[in-house]
Amino acid sequence: MRFYLVKLFFLTTLPFLLTPKSSETQDFQGKAYYFSKSRMDLGTWGARMSEAQKKQIQSRLKNRLEKTYILSFNKEESLFKEEEKVDAISGATDSWGSNFARGEQYKNIRSEALVQAQEFYGKRFLVKDKLQDIDWKMDSESKQIGQYICFKATASIPTEELGWFDFSWNDLAQAEGEGENPEIKMTEVEAWYTLQIPLKHGPAEYWGLPGLILEVSAGNTTILCSEIVINPKEKITIEAPDKGKEINKQDYRSTVQGKMLEMRNNRGRRRG
């Protein structure tokens, strides 16, 4: 199953804590807190479900549907990670969902390097690759997010690059059907960045604008910043993950798809 982050329309009602603070030190650093809400795309199953059944599923999978993230950054580096939550019903973490979730993500905008820790069915991987090049088109349109004036930018990005760590049975079926020449799907992205924090950082796979990205929407997805702390009293340490089998994004994606295909085939043989 694939989950989509739903764009949040109550921006003006949020208790934003976006408080800019002047810096008197060259060791500029900070933390940005982001949140998202998700809905599950039930596809044809959803048409056969009652509203009560849909709400029950939504409640059961709350941890996957509501997420919060922290982006720690300095002038050149950032570390983006999800805040882990305990399941409200079982009291456990979501082990199945964690197999396809984004792991701790390190970006170095100077060297354009990505290092991301991924765990898949108990095996640790250290994904090392170049940052995805994003051809941003900057717009003069602006809006205010908290206490920051933000400007609009758009881009078209290969969909696979935005979810290379994720898995979908539909994607696997499509890849099998298309063979060696799969169709390259593109996702239209809209971002809002602020020049008041003139760093090229952003949440998730997004980066490269002349200011910190506070909001980004891709299709039906949105990640929104709710708080920024500049130069906190406690010094922030940003280090790339260093544990796991080294692999690049494409090989990691192929590894996941291969394992899921193997599981599907084994399940089919047992039934036979």
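What follows is calculated from the coordinates using simple rules that are stated; it is not laboratory data. Keep in mind that what you see is a predicted model, and the values were worked out from it rather than measured. As a convention, Cβ positions derive from the backbone with ideal geometry for all residues, glycine included, and neighbour counts pool all protein chains shown.
Applied to segment 205-222, the Karplus parametrisation 6.51 cos²θ - 1.76 cosθ + 1.60 on θ = phi - 60° returns per-residue 3J(HN,Hα) values of 7, 9, 5, x, 8, x, x, 4, 7, 9, 8, 9, 10, 9, x, 9, 10, 9 Hz, with x for Gly and Pro. 3J(HN,Hα) couplings calculated from phi for segment 138-148 with the Karplus curve 6.51 cos²θ - 1.76 cosθ + 1.60 (θ = phi - 60°) are, in sequence order, 8, 10, 7, 5, 9, 7, 9, 10, x, 9, 10 Hz; Gly and Pro show x. The GluC sites (Glu not before Pro) of segment 202-250 that DSSP puts in a loop, and whose beta carbon has at most 15 other beta carbons within 10 Å, are Glu234, Glu239.
Neighbour counting of Cβ atoms within 10 Å sorts the residues Leu114, Leu131, Leu214, fewest neighbours leading, into Leu131, Leu114, Leu214.
Look at Lys249, Lys75 and count the other Cβ atoms within 10 Å of each Cβ; fewest to most, that gives Lys75, Lys249.
The label-point distance for Ser111 and Lys185, in a model that sets each label 7 Å from Cα toward Cβ, rounds to 3.4 nm. Backbone geometry of segment 183-195 corresponds, through the Karplus equation with coefficients 6.51, -1.76 and 1.60 at θ = phi - 60°, to 3J(HN,Hα) couplings of 5, 8, 8, 10, 10, 7, 10, 10, 10, 10, 10, 10, 6 Hz, x marking Gly and Pro.
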